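The values are calculated or read from the model by the stated rules, or taken from the named source; none is laboratory data. Just so it is clear, the model here is predicted, and its values are computed rather than measured. Backbone-built Cβ (ideal geometry, glycine too); neighbour counts: all protein chains shown.
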Amino acid sequence: MKAHTDKTYDAQLDDLRNKLLSLGGKVETGIATSMRALQERDSKLAEQVIASDREVNRLEVEIDEACRRLLVLRQPAASDLRFITTALKIVVDLERIGDLAVNVAERAIDLNQSPPLRPVHDLTKLAQLCQQQVRAALDAFVDGDPTGAEAVIQHDELVDSIYHNLFNELLALMMEDPRNIRRANSLLFVAKHLERLADHATNVAEMVIYMVRGTDVRHPGSRASKSVPPA
Amino acid sequence: MIADNKIEVRGLDAWFRGTHALRDVSLSVPRNTVLAIIGPSGCGKSTFVRCINRMHELVPGARQAGKVLVDGQDLHARRVDPVDLRRRVGMVFQRPNPFPTLSIQDNVVAGLKLNGIRGNSAELVEKSLRQAALWDEVKDRLQHSALSLSGGQQQRLCIARALAIGPEVLLMDEPASALDPIATAKIEELIHELRASLTIVIVTHNMQQAARVSDATAFFYLGELVEHGSTEQIFTNPKEPRTEDYVTGKFG
């Protein structure tokens with residue numbers, strides 16, 4: 001891509017991009033680590049995730065500031081404007097993904113204090129898919145790849161269907177034996193957090209499509225139609 | 001639906017001796033809208049507006065080809081008197097250019113006097129100065145020299161002078177580039193108000209100004225019309241890479 005005539009502008013945009021990537025990397029690690037804490041019954045790992053949330057929050061504030069600074073000092077237009085407004089929106093989604101990873105970690109600590117429940121096969125599958133969704137959304141952002149973003153949006157249906165299967169499986173476990181209720185309920189929360197986290201990945205993907213193509217794919221039909229004067 | 005176009009330009013070419021300043025430009029401006037023209041120096045912006053009121057032909061060695069229609073009437077037809085035309089299509093320039101030896105009041109009606117029009121000039125002076133958002137600042141000193149005004153006031157006086165003749169189209173060539181931000185804001189507010197009764201074409205180097213005041217924006221580069229669209233589209237999602245580079249500040 002062609003560079004700005006004012007090189008410091010490019011440096012500021014690169015700095016913003018790098019901060020977002022760093023935030024994305026941190027929340028990805030958060031998800032992976034909290035799932036390991038659950039699967040390996042290692043509460044220390046869960047504590048790490050909880051502690052690292054401060055770093056996630058700090059980056060969120062820094063990214064917000066960088067966006068405001070660019071908006072007021074550069075009055076960006078076209079692709080720069082779309083990039084910065086996208087950054088402002090996806091930083092919220094990424095920070096929420098980080099919070100949800102913390103929620104999973106907290107559930108892991110809780111579950112690790114009781115004997116393990118029978119392994120729930122679909123939970124691993126759901127966790128893997130959700131991590132993939134977050135990674136794919138971030139890759140689409142980095143590469144400015146709307147096709148990759150569309151794939152993320154499509155795969156969200158698969159996330160939802162696995163979540164529903166898991167819901168039924170855990171419900172069956174609860175009905176089978178009331179002693180399972182507490183743990184199965186915690187696992188159900190974990191599943192719900194993962195499903196929500198994938199929804200945020202979908203939001204990121206939708207913004208990537210806007211960033212690249214300038215078209216808003218969210219909520220079709222909700223935009224007032226605009227007339228464009230003829231060329 | 002047939003668009004209600006005040007100005008229609010079809011296949012316009014313009015030359016200064018050997019220089020081809022405009023190349024096959026076609027665009028239209030709907031009635032009561034503001035068109036902003038942006039582009040680097042030498043891209044043909046000013047030449048384009050000067051073709052609309054036939055000022056281009058005043059330059060020695062200048063030529064043009066193609067059609068410029070106002071209300072469907074070909075402005076370059078032989079029977080069109082350029083002086084009549086300029087009464088319908090007013091112009092405001094970069095540097096305020098009031099008549100230095102005339103009072104504020106006489107500046108406003110100067111255009112009318114030149115056109116041999118008589119009428120209730122006190123009423124017209126007030127109306128034009130009010131339209132140009134200058135009345136309250138000068139009503140107690142209408143006999144003072146136009147040069148006693150600040151730059152921003154002088155520019156609004158020139159707008160009042162242009163409005164006094166009752167034009168249908170107002171061409172503005174960098175009208176605020178010599179003004180401070182307060183005077184600029186007043187001119188911009190004025191553009192919003194004048195849109196109700198006029199069709200405006202404004203040339204500006206200030207892209208934020210183009211974004212603030214216009215409905216549509218046209219980007220010119222090396223004499224070509226590169227892109228023309230709604231101002232929102234040009235500044236958020238231009239279709240042409242050359243427009244994208246220009247509005248984001250990637251030059252050369």
Out of the residues in segment B:128-140 meeting the condition of being of a type in the set (Gly, Ala, Ser) and not in a helix (DSSP H, G or I), tell me which one is nearest to B:Asn97 (Cα to Cα). B:Ala132
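Residue-by-condition table, conditions (1) touching a His at 6+ places or on another chain (Cβ under 7 Å); (2) farther than 23 Å from B:Ala178 by Cα; (3) modelled with pLDDT of 90 or more:
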{"residue": "B:Gly61", "(1), (2), (3)": "no, yes, yes"}
{"residue": "B:Val68", "(1), (2), (3)": "yes, yes, yes"}
{"residue": "B:Phe93", "(1), (2), (3)": "no, no, yes"}
{"residue": "B:Asn107", "(1), (2), (3)": "no, no, yes"}
{"residue": "B:Ile117", "(1), (2), (3)": "no, yes, no"}
{"residue": "B:Leu124", "(1), (2), (3)": "no, yes, yes"}
{"residue": "B:Trp135", "(1), (2), (3)": "no, no, yes"}
Give the residue, chosen from B:Gln209, B:Gln155, that is crowded, with 21+ Cβ neighbours inside 10 Å, in contact with a Leu (Cβ under 9 Å, 6 or more places away or on another chain) and part of a helix (DSSP H, G or I). B:Gln155
For B:Gln143, all conditions in the list (1) within 14 Å of chain A (Cβ to nearest Cβ); (2) more than 22 Å from B:Val89 (Cβ to Cβ); (3) outside any helix (DSSP H, G or I) hold save one; what is the number of the exception? (1)
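Here is a yes/no grid of residues against (1) farther than 24 Å from A:Val92 by Cβ; (2) without any contact (Cβ under 8 Å) to a residue 24 or more places away in the chain:
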| position | (1), (2) |
| --- | --- |
| A:Leu129 | no, no |
| A:Glu150 | no, no |
| A:Asn165 | yes, no |
| A:Ile181 | yes, yes |
| A:Asn185 | yes, yes |
| A:Glu206 | no, no |
| A:Asp216 | no, yes |
Write out, first by first residue and then by second, each pair whose Cβ atoms fall under 6 Å of each other, whose residues are 6+ apart or on separate chains, and whose first residue, in segment B:224-252, is in contact (Cβ under 8 Å) with a residue 40 or more places away in the chain and within 7 Å of chain A (Cβ to nearest Cβ) while the second is part of a loop (DSSP other than H, G, I, E, B) and surrounded by 16 or more Cβ atoms within 10 Å (Cβ to Cβ). B:Val247/A:Ala77
B:Gly11 meets each of (1) within 25 Å of B:Val226 (Cβ to Cβ); (2) out of contact with any helix residue (DSSP H, G or I) (no Cβ under 8 Å at 6 or more places or on another chain); (3) not in a strand (DSSP E or B) with one exception, condition (3)
So, B:Gly166, is that one surrounded by fewer than 23 Cβ atoms within 10 Å (Cβ to Cβ) and in contact with a Pro (Cβ under 9 Å, 6 or more places away or on another chain) or not? no
Residues that are under 22 Å from B:Val9 (Cα atoms) and either facing another protein chain (nearest Cβ under 8 Å) or basic (Lys, Arg) (or both): does segment B:188-208 have at least one? yes
Restrict the check to segment A:33-41 and report whether at least one residue is surrounded by fewer than 19 Cβ atoms within 10 Å (Cβ to Cβ), closer than 30 Å to B:Met207 by Cα and either within 14 Å of chain B (Cβ to nearest Cβ) or basic (Lys, Arg) (or both). no
Answer yes if at least one residue in segment B:46-56 is among the small types (Gly, Ala, Ser) and modelled with pLDDT of 90 or more, and no otherwise. yes
I want to confirm something. Restricting to segment A:63-117 and keeping residues that are surrounded by fewer than 21 Cβ atoms within 10 Å (Cβ to Cβ) and outside any helix (DSSP H, G or I), which single residue is farthest from the other protein chains (Cβ to nearest Cβ)? A:Pro115
Check B:Gly223 against each of (1) at negative phi; (2) more than 14 Å from the chain's Cα centre (by Cα); (3) surrounded by 20 or more Cβ atoms within 10 Å (Cβ to Cβ) and name the one condition it does not meet. (1)
Qualifying positions in segment A:1-43 - within 20 Å of A:Asp143 (Cβ to Cβ) and assigned to a loop (DSSP other than H, G, I, E, B): A:Met1, A:Lys2, A:Ala3
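Considering each of B:Gly44, B:Gly39 in turn, give the residue that is surrounded by 14 or more Cβ atoms within 10 Å (Cβ to Cβ) and in contact with a helix residue (DSSP H, G or I) (Cβ under 9 Å, 6 or more places away or on another chain).
So the residue among B:Gly44, B:Gly39 that is surrounded by 14 or more Cβ atoms within 10 Å (Cβ to Cβ) and in contact with a helix residue (DSSP H, G or I) (Cβ under 9 Å, 6 or more places away or on another chain) is B:Gly39.
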Only residues in segment A:10-22 that are without any contact (Cβ under 8 Å) to a residue 40 or more places away in the chain count as the first member; pair them with residues that are surrounded by 13 or more Cβ atoms within 10 Å (Cβ to Cβ) and assigned to a helix (DSSP H, G or I), Cβ under 7 angstrom, at least 6 apart or cross-chain, and list the lot. A:Ser22/A:Leu59
